[in-house]
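The values are calculated or read from the model by the stated rules, or taken from the named source; none is laboratory data. For clarity, every value in this text was computed on a predicted model and none was experimentally measured. When we count neighbours, we look across all protein chains shown, and the Cβ atoms used for this are built from the backbone with ideal geometry, even at glycine.
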Amino acid sequence: MFDRDRWGEIFEAIGKNKLRTFLSGFTVALGILIFTILLGLGNGLLNSFLSSFVDDAQNIIFIRGGNTSKAYKGFQENRRIQFKNEDFEFIKSNYIGKVEFATPRIYRNGSAKYKKESGSYSIRAVHPDHQYLEKTIMMNGRYLNESDINERTKNIVIGRLVEKDLFKNEKALGKMLNVDGIAYKIIGVFQDSGGDNEERIIYMPYKTVQLLYGNNDHINQINLSYNMAMSTEQAIAFSKKIEEDFKEKFKVAPDDQSAIRVRSFAEDIKETMVILGGIYMIIFVVGIGTLISGVIGIGNIMTFSVKERTKELGIRKALGASPRSIIAMVLQESVLITSVAGYLGLILGILALKLIGNNLEKFFILNPKVDTGIIMTATMVLIFFGLLAGYIPARRAAKIKPIIALRDE
Amino acid sequence: MIEIKDLHKSYQMGSNSLHVLKGIDFSVKEGELVAIMGSSGSGKSTLLNILGMLDEADSGSYFLDEVPIKGLNETKAAQYRNKFLGFVFQSFNLINYKTALENVALPLYYQRKKRKERIDKAMEYLGKVGLAEWATHLPSELSGGQKQRVAIARALAADPKVLLADEPTGALDSKTSYEVMDIIQSINDEGKTILVVTHEPDIADMCKRIVHLKDGVIVEDKEVEQVRASQYV
């Protein structure tokens, strides 16, 4: 294998048979190139589907109150449904084991001021669980905790861009921020993958906001995540159950669509999973197809190549080459060519995917990338089958009597 | 050098058996230059194949330099071919992408000789056939006679015991044929044992002994007065 003379002989054969080398190399490189690009684009498609879920937890359910659209049980229509803290407590205490995290949300806009800089920002008053529901990532400091809620502290957590806007190059952590005339202490700075708007938010303890803005216990919305152990069907049923319970609680007609709105991703996920399954299937089938055609291509080239060399191999045998050395020479050559070409195809494919980048975002292809492991496996498969495809004719060539090979004019 | 006793060989042709060699007794001493003649179908090529270990006899014995040649596997046969025999073919059979020098050096590669030694030896033998200045040329750049001379140099490079030439002049015009025979004669003069298969009487006359094959048996085996090829060159 590491015989320098043999490699010399092989390099000579490769160098002086450029067409043969090119043909077999081209087949492999093209196969891997197509496979890589295809897989990358498929992954891009997957990424763009998955990206709609990355912002928030996937097992999330939103509950919102609206106005009733129907008169029911003595109430007139167009009644405002206002959630309160007790409704949030109801969620927490009533669905034990099914609810993973839950938080109320109160929406406000506030103008924040630090030294000379000021700006208007969304305020979300939340429970500490909100961090897990929103997948908020802390860069500095900490998130809100239970004692912030219970003691109604004036502690706040601000988004990365709030810090950037107002504090410029200063560190915001531990500084006081004036929001609507009240001074809050910044206990944490966060980032969020949901985009710029998600990073221009100020989080406050919900009870603090209730105290400072109107001294009530109103809530705009309740977010919760259900136990991941639930199946999609169970999750859909669970969100229906919440809707029914709330409608009963607020005396809303069961068929009223606008008073209580419970929205979960469970159904979306179910649909998406079906689509994803389809995409995976297509990628799989086309990928395997590409590999198979690559293998067949290599097989053809190898057969052709060995056939073309029958006479040369016969001469070598007459001069004293053993059958083993003939087979080894043919196979080593083909492995060398397929490896180099496969690697080339791989590099080209990855390069092409890099060039494509996010240019195809409008075709739902986001960040097309490939798992190097898979591509390596594919290359190995091609090399292996190239070997196999080469071995059969090589063995035949090695077995053929030199006198017959030589006579074959 | 070569000892053959009662050699038989038949080929299965479908349901028929074709008896090609019907008991050949034949021996060649060191330094001989033997022509094997016969019409096509006489069995001369089969005999040469068996002598060249490219084919095996059904029965009979074959000793090459007192080594019994029998029941060899492919690898062993390749080894023996490399060590004992040099081949010259009608159609030259040079490897077309290798230069004259590389072609001559090839048997030495299969003898696992070092690169330097291969090149030096190959150069020496190319010089012997008068083609030293053509060393770096590809076969396609050589004339037929030159190609055959490269092939002879290649056959000699491994320093074999016996040189087997199968119609070495079959593809050459008569002038070039004589040039090639001149080289073969001069190699023989140096003591090399050479067997030449030919159907041309004038080529056979340039050997020292002529063996006639007909229908699988030797019908005539005679020493002849050698005609020197150099007078025609």
Scanning region B:118-138 residue by residue, the ones that are in a helix (DSSP H, G or I) and more than 22 Å from B:ASN82 (Cα to Cα) total 3
Note on region B:50-74: residues at pLDDT below 85 and within 14 Å of another protein chain (Cβ to nearest Cβ) are B:LEU54, B:ASP55, B:GLU56, B:LEU72, B:ASN73, B:GLU74
B:ALA157 passes all but one of the listed conditions (1) within 11 Å of chain A (Cβ to nearest Cβ); (2) in contact with a strand residue (DSSP E or B) (Cβ under 7 Å, 6 or more places away or on another chain); (3) among the hydrophobic types (A, V, I, L, M, F, W, C); the exception is number (2)
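One line per residue, one yes/no per condition, for (1) modelled with pLDDT of 90 or more; (2) crowded, with 17+ Cβ neighbours inside 10 Å:
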| site | (1), (2) |
| --- | --- |
| B:ILE194 | yes, yes |
| B:ALA204 | yes, yes |
| B:CYS207 | yes, yes |
| B:GLN226 | no, no |
| B:ALA229 | no, yes |
| B:TYR232 | no, no |
Here the qualifying pairs (Cβ atoms under 8 Å; residues six or more apart or on different chains; first in region B:43-60 and in contact (Cβ under 8 Å) with a residue 60 or more places away in the chain; second part of a loop (DSSP other than H, G, I, E, B)) come out as B:GLY43/B:ASP215; B:GLY43/B:GLY216; B:LYS44/B:GLY38
Inspect all residues belonging to region B:130-139 and state whether any of them is among the β-branched types (Val, Ile, Thr) and more than 14 Å from chain A (Cβ to nearest Cβ). no
When region A:244-267 is checked residue by residue, the ones that are without any contact (Cβ under 8 Å) to a residue 60 or more places away in the chain and closer than 14 Å to A:PHE62 by Cβ are A:GLU267
Over region A:320-372, the set of residues of a type in the set (Gly, Ala, Ser) and over 19 Å from A:ILE292 (Cα atoms) is A:GLY320, A:ALA321, A:SER322, A:SER325, A:ALA328, A:ALA352, A:GLY357
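The rows are residues; the columns are (1) of a type in the set (Asp, Glu); (2) modelled with pLDDT under 90; (3) within 19 Å of A:ARG64 (Cβ to Cβ).
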| site | (1), (2), (3) |
| --- | --- |
| A:ILE186 | no, no, no |
| A:VAL189 | no, no, no |
| A:ASP192 | yes, yes, no |
| A:ASP196 | yes, yes, no |
| A:ILE202 | no, no, no |
| A:TYR206 | no, no, yes |
| A:LEU211 | no, no, no |
| A:GLY214 | no, yes, no |
| A:GLN221 | no, no, yes |
Listed by first then second residue, the pairs whose first member lies in region A:313-326 and is more than 7 Å from chain B (Cβ to nearest Cβ) and in a helix (DSSP H, G or I), whose partner is crowded, with 24+ Cβ neighbours inside 10 Å and not aliphatic (A, V, I, L, M), with beta carbons under 7 Å and at least 6 positions apart or on separate chains, are A:GLY314/A:PRO402; A:ILE326/A:ARG316; A:ILE326/A:LYS317
B:VAL28 meets each of (1) at pLDDT below 90; (2) buried (at least 17 other Cβ atoms within 10 Å of the Cβ) with one exception, condition (1)
Listed by range, strands (runs of 3 or more DSSP E) wholly within region A:65-168 having at least 2 residues that are buried (at least 22 other Cβ atoms within 10 Å of the Cβ) are A:99-114, A:117-126, A:155-159
The residue from A:ILE350, A:ILE375, A:ILE383 that alone is touching a Ser or Thr at 6+ places or on another chain (Cβ under 7 Å), under 22 Å from A:GLU12 (Cα atoms) and in a helix (DSSP H, G or I) is A:ILE383
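Take the conditions more than 35 Å from the chain's Cα centre (by Cα) and aromatic (Phe, Trp, Tyr) and apply them to A:PHE88. Does it pass?
no
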From the option list A:VAL340, A:VAL295, A:VAL285, single residue qualifying as closer than 20 Å to A:GLY40 by Cβ and either surrounded by fewer than 18 Cβ atoms within 10 Å (Cβ to Cβ) or more than 14 Å from chain B (Cβ to nearest Cβ) (or both) is A:VAL285
Over region B:87-117, the set of residues within 7 Å of chain A (Cβ to nearest Cβ), part of a loop (DSSP other than H, G, I, E, B) and aliphatic (A, V, I, L, M) is B:ILE95
Flagged in region B:75-86 as charged (D, E, K, R), surrounded by fewer than 24 Cβ atoms within 10 Å (Cβ to Cβ) and facing another protein chain (nearest Cβ under 8 Å), in numbering order, are B:LYS83
